[in-house]
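The values are calculated or read from the model by the stated rules, or taken from the named source; none is laboratory data. Since we're looking at a predicted model, the values are computed, not measured. We place every Cβ from the backbone using ideal geometry, glycine too, and count neighbours over all the protein chains shown.
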Amino acid sequence: MGSASCVPEAPCRLRHLLLQVRDETARLLAAATPGAWMPRQFDNPANIDAHARTNMIEILADFRNEPVDTILTGVGTGGHITALAETLKMDWPGLQVFAVEPAASPVLSAGAAGPHPIQGIGAGFVPANLHADMLDGVVQVEAEAARRFAQAAARREGLLVGLSSGATLAAIAAKLPELAGLRMLGFAYDTGERYLSVPGFLAERKAVAAPKLHLADAKPN
């Protein structure tokens, strides 16, 4: 599960314990079930390989004549960003790759895990599929910034994306001043439809009082 400390300590310690119980239970079930198999997306190297053989090839083709200078993307299982760094840096030696993580759970940059509402990134530990030595830095993003940028993408660009994509957009905005003039690439991971029930995801509107209707005032047709 990783050796990161927890903030706040008690809730995180309980969470790690529950995750360990979950993983051990899954292993026991797999061992006792003929033909069973555990994907183990956080440490199965096939995760990295699948990205390297598919979307990395698409990126190289799309930007062959105008290479990307900087990539910023979140860390979920670690497979995507590791494939990005290891594959693309072979063709673009000057490429910089920055990981995006929740400010409330800065495991990669500060070694501290904690609860946060940005679903899809910030698992609370360092996945084995994340080859951190290939990264050029980490950008912390506040949950409120991720929410605001996700909402802005929908309002201004017509792109309904989730909080993790909002976090990437917020990280790009934060790095723009120091990386001005460079070609930057980020990723929108999935549709925002999956997050409609997340508290605070939808922009709140001011309540408008409905006009009162009295039956005595209604006139028959």
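Here are some notes:
- Qualifying position, being assigned to a helix (DSSP H, G or I), under 30 Å from Arg183 (Cβ atoms) and not aliphatic (A, V, I, L, M), among Asn47, Asn65: Asn47
Yes or no, residue by residue, for (1) charged (D, E, K, R); (2) touching a helix residue (DSSP H, G or I) at 6+ places or on another chain (Cβ under 6 Å); (3) assigned to a loop (DSSP other than H, G, I, E, B); (4) at pLDDT 95 or above:
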{"residue": "Ala83", "(1), (2), (3), (4)": "no, yes, no, yes"}
{"residue": "Lys89", "(1), (2), (3), (4)": "yes, no, no, yes"}
{"residue": "Phe98", "(1), (2), (3), (4)": "no, no, no, yes"}
{"residue": "Glu101", "(1), (2), (3), (4)": "yes, yes, no, yes"}
{"residue": "Ser105", "(1), (2), (3), (4)": "no, no, yes, no"}
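- Among the residues making up the stretch 121-146, those that are farther than 24 Å from Lys89 by Cβ and either assigned to a helix (DSSP H, G or I) or of a type in the set (S, T, N, Q) (or both) are Ala143, Glu144, Ala145, Ala146.
- Only one of the numbered conditions (1) over 22 Å from Phe42 (Cβ atoms); (2) among the aromatic types (Phe, Trp, Tyr); (3) assigned to a strand (DSSP E or B) is not met by Phe149, and that is (3).
- Conditions (1) under 22 Å from Leu19 (Cβ atoms); (2) surrounded by 15 or more Cβ atoms within 10 Å (Cβ to Cβ); (3) modelled with pLDDT of 90 or more: number failed by Ala123: (3)
- Checked against (1) more than 23 Å from Ala83 (Cβ to Cβ); (2) surrounded by 12 or more Cβ atoms within 10 Å (Cβ to Cβ); (3) of a type outside the set (Lys, Arg); (4) at pLDDT below 90, Ala30 passes all but a single condition, namely (4).
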